[in-house]
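See below for the structure under consideration.
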């Protein structure tokens, strides 16, 4: 007997895992959305964080200090003004995995 989802042709969605394929897709999406959201805006850098259960993915782009060109440290402390600014164009990321 087939499930309602498969009977309608809709994919059955399984649990999301932070495997190498998912992490690579997250990295590609982070880089693309950062470039789109901050095109033409001087933004030194950003940190992205995804948590699924006890799995984590952390990535950085850019620098934390434009004068010294110090890379963004994902373990560093950000000033509240630096982390509270919304992006001009919020990225729309979807993290899902279709069950096989």
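If I take all pairs of Cα atoms in segment 14-73, what percentage of them are more than 15 Å from each other? The share of Cα pairs beyond 15 Å in segment 14-73 comes to 56 percent. Fewest-first ordering of 13, 72, 63, 41 by other beta carbons within 10 Å of each residue's beta carbon gives 41, 13, 63, 72.
Values in this text are rule-based calculations from the coordinates and carry no lab data. The structure displayed is predicted, hence computed values, not measured ones. In this analysis, Cβ positions are derived from the backbone assuming ideal geometry, glycine residues included, and neighbour counts consider all displayed protein chains.
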